[in-house]
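Undergrad: The structure that follows is given in the form of structure tokens.
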Amino acid sequence: MKKFLALFLAAVLVCSTAVMFAGCGGKTESSSAASDSKTSDSKSSESTATKGELHMATNAAFEPYEYQEGGKVVGIDAELAQALCDKLGYTLVIDDMEFDAIITAVSSGKADFGMAGMTVTDERKKSVDFTDSYTTAIQAIIVNDGETKVAKADDLKGATVGVQLGTTGDIYVSDMEKDGTKVERFSKGADAVLALTQKKVDAVVIDNEPAKKFVEQNKGTKILDEPFENEDYAICLKKGSELTEQFNKALAELKADGTVKKIIDKYIKAS
Ligand code: ARG
């Protein structure tokens, strides 16, 4: 009996070690496959063989770009990332995290790329590389109906303003702290809007398309007409990553054949 038990334990140990190695092997395989493709210089970005997984870091609380639906991350970025991976022959894996964790995940190599309605900024360019832009956005100001204090961008000076932590909205409004603006930073845009409906902040600064969704979902709020900052969205990658070139090539093809427009139009209806 003892002997049997020892044998059994040994077998369990061998199995679990094998599983562990298989797990590691899988990882190595995907990264080496990724580097294989880096060295190949085919004319088109088209590929049929799967080269392994690519992990996309995102913050899926930003409809229509990325949000959870039925246990899945959907939205413009999720679909465009899928189209890029299909074209290049990678399997897409989406990792949902806090927005302000994305750049670190990408620069440390924990994720292969970041796509999160992310604006290209010079500051971010110090830590990551960006692809060509795939769309543009504007920072919008959301206020409660009947708000009189904040009627235009300049009125944010001296007001209490809610933003999503680490976003460009946060950066712009933080610039006004010297003018007496009080910045309330939330981990989700939805929490900033909730604070607005509870009159804990006077306004929320966030990208225009998510702003429209928030206003739709929160009666008694509205977007100010005055346009704020214009921005370019792009995919971020680890500095020096050769994937950037592959992505740019595939992105150019998806722009040329109308796929990018089709994906955007599916989520943003012309108003
Ligand atoms: N465009 C803004 C930025 O890059 C906000 C992006 C927020 N994205 C998100 N998935 N929560 O800072």
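Undergrad: How much accessible surface does I94 have with a 1.4 Å probe, in Å² rounded to 10?
TA: 50 Å²
Undergrad: Turning to a different aspect of this structure: Amide H of V183 versus every other amide H placed in the peptide plane: which residues, excluding those fewer than 5 positions away on the same chain, fall under 5 Å?
TA: Those qualifying (amide H under 5 Å, at least 5 residues apart or on another chain) are V161.
Undergrad: A 29 angstrom limit on the alpha carbon distance is what I want to check against. Which of K126/K249; K178/K219; K200/K262; K110/K178 exceed it?
TA: Long pairs (Cα-Cα over 29 Å): K178/K219; K200/K262; K110/K178.
Undergrad: Follow-up question, since we're still on this one. Calculate, for the stretch 47-92, the solvent-accessible area per residue in square angstrom, rolling a 1.4 angstrom probe over the heavy atoms of the protein chains.
TA: 35 Å²
Undergrad: What is the extension gain from K199 to D154, computed as 0.36 nm multiplied by their sequence separation minus the C-alpha to C-alpha distance, in nm to one decimal?
TA: 14.2 nm
Undergrad: For T136, what charge total do you get from the other residues with a beta carbon under 10 Å from its beta carbon, if Lys and Arg give +1 and Asp and Glu give -1?
TA: -2
Undergrad: Order the peptides 57-67, 165-175, 214-224 from the highest to the lowest mean number of other Cβ atoms within 10 Å of their residues. Kindly include the intermediate steps, with their values, before the conclusion.
TA: Values: 57-67: 23.9, 165-175: 20.0, 214-224: 15.1.
So the peptides 57-67, 165-175, 214-224, ranked by packing, come out 57-67, 165-175, 214-224.
Undergrad: May I ask you to evaluate 6.51 cos²θ - 1.76 cosθ + 1.60, the Karplus curve with θ = phi - 60°, for each residue of the stretch 126-132 and list the ³J(HN,Hα) values in order in whole Hz, giving x for glycine and proline?
TA: 6, 9, 9, 9, 10, 6, 5
Undergrad: Hey, another quick one. Just tell me which aspartates and glutamates come within less than 12 Å, Cα to Cα, of K149; anything on the same chain fewer than 8 places away is out.
TA: The reachable aspartates and glutamates, counting only those whose Cα sits under 12 Å from K149, are D202.
Undergrad: Over the stretch 131-185, with the other protein chains present, what is the accessible area per residue in square angstrom, probe 1.4 angstrom?
TA: On a per-residue basis, 43 Å².
The values are calculated or read from the model by the stated rules, or taken from the named source; none is laboratory data. Just so it is clear, the structure is predicted and the values come from calculations on it, not from any experiment. Backbone-built Cβ (ideal geometry, glycine too); neighbour counts: all protein chains shown. For accessibility, only protein heavy atoms count, side chains too; no ligands or nucleic acids. Shrake-Rupley method; radii C 1.70, N 1.55, O 1.52, S 1.80 Å.
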